[in-house]
Amino acid sequence: MSEIGKLFVIVGPSGVGKGTLVKHLMNRVPYLFLSISATTRSPRKDEKDGINYYFLKTNEFEELIKAGDFIEWATIYGNYYGTLREKVEQKLSLPTDVILEIDVQGARQIKENADKAVFIFIKPPSEEELKERLRERGTETADEIEKRLSIAIEELKSESEFDHVIINDNLNEAIDRLVDIIIKYRESNTIN
Ligand code: 5GP
């Protein structure tokens, strides 16, 4: 498959604000396609199938793994999450850049398999701040927050594996940096 579009992988621990940053990015930059992941976790209140995620049963997800339908997938907090191949490859064959918002495990798989991808690591100003954001979000129980936090602390050690690091302290500045990175790649038309 010949790729015209570029793959931008937004990586970072749960609760760091990747979703908010990506939402603003999509409003600011044209010709971007945000990949919708599949997951076996239950939808949160206000989440809709086919919009936030494709919510699948475990056996359905495992069938897709067997069929090779994922570019990457990972088990995160006891649930499967993965990026479906078909739509992403279709978009990359057009002059459309694709955004993946995934965890560190998934980003490593993309790194091994995709020669042209740009990795942007989003980190919190501090571990304390990350904990506070997870608590404020109120979508997880105290136990789940602790689990997410301990995984996050591990993930924060991996930032040097990625091409760019953005500290999500001031939201507007972080959005500007993200937009800037993508526009610069478009202008220079080079990767790395
Ligand atoms: P949440 O349950 O909060 O929506 O997501 C949990 C974590 O899974 C987040 O860090 C998110 O970026 C990651 N994630 C979402 N979709 C995918 C995916 O398709 N692949 C991988 N590897 N991680 C994903």
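The values are calculated or read from the model by the stated rules, or taken from the named source; none is laboratory data. What you see is a predicted model; the values in this text were computed from it and never measured. Neighbour counts run over all protein chains shown; Cβ positions are idealised from the backbone, glycine included. What goes into the accessible areas is simple: the full protein's heavy atoms, side chains included, and nothing from ligands, DNA or RNA. Shrake-Rupley method; radii C 1.70, N 1.55, O 1.52, S 1.80 Å.
Would you say LEU21 is modelled with pLDDT of 95 or more, touching a Ser or Thr at 6+ places or on another chain (Cβ under 6 Å) and within 12 Å of the ligand (Cβ to nearest atom)? If you could, list the steps in order and put the result at the bottom.
Values: modelled with pLDDT of 95 or more: yes; touching a Ser or Thr at 6+ places or on another chain (Cβ under 6 Å): no; within 12 Å of the ligand (Cβ to nearest atom): yes.
Taking the combined requirement at face value, the residue does not satisfy it.
Residues of the range 10-24 that are on the phi < 0 side of the Ramachandran plot and part of a loop (DSSP other than H, G, I, E, B): PRO13, SER14, VAL16. Checking each residue in the range 25-40 for being part of a loop (DSSP other than H, G, I, E, B) and under 16 Å from the mean Cα position of the chain (by Cα) picks out SER35, ILE36, SER37. Total residues in the range 57-77 satisfying the condition of being part of a loop (DSSP other than H, G, I, E, B) and either over 24 Å from THR20 (Cα atoms) or among the basic types (Lys, Arg) (or both): the figure is 4.
For the range 24-43, the candidate set comprises residues that are hydrophobic (A, V, I, L, M, F, W, C) and more than 16 Å from the ligand (Cβ to nearest atom); within that set, the residue that is least open to solvent (accessible area, probe 1.4 Å) is VAL29.
Condition check ((1) within 23 Å of LEU34 (Cβ to Cβ); (2) surrounded by 13 or more Cβ atoms within 10 Å (Cβ to Cβ); (3) within 14 Å of the ligand (Cβ to nearest atom); (4) of a type in the set (Gly, Ala, Ser)) across all residues:
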{"position": "LYS91", "(1), (2), (3), (4)": "yes, yes, no, no"}
{"position": "VAL98", "(1), (2), (3), (4)": "yes, yes, yes, no"}
{"position": "ALA107", "(1), (2), (3), (4)": "yes, yes, yes, yes"}
{"position": "ALA117", "(1), (2), (3), (4)": "yes, yes, yes, yes"}
{"position": "GLU132", "(1), (2), (3), (4)": "no, yes, no, no"}
{"position": "LYS147", "(1), (2), (3), (4)": "no, yes, yes, no"}
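Comparison of LYS131, LYS91, LYS116, LYS147 shows that the only residue that is in contact (Cβ under 8 Å) with a residue 12 or more places away in the chain and more than 27 Å from ARG41 (Cβ to Cβ) is LYS116.
Of all residues in the range 53-83, which are at pLDDT 95 or above and open to solvent by 50 Å² or more (accessible area, probe 1.4 Å)? Quick ask: steps written out before the conclusion?
The initial filter retains those residues of the range 53-83 that are at pLDDT 95 or above, namely 53-75, 79-83.
TYR54, LYS57, THR58, ASN59, GLU60, GLU62, GLU63, LYS66, ALA67, ASP69, TRP73, THR75 - these are the residues of the range 53-83 that are at pLDDT 95 or above and open to solvent by 50 Å² or more (accessible area, probe 1.4 Å).
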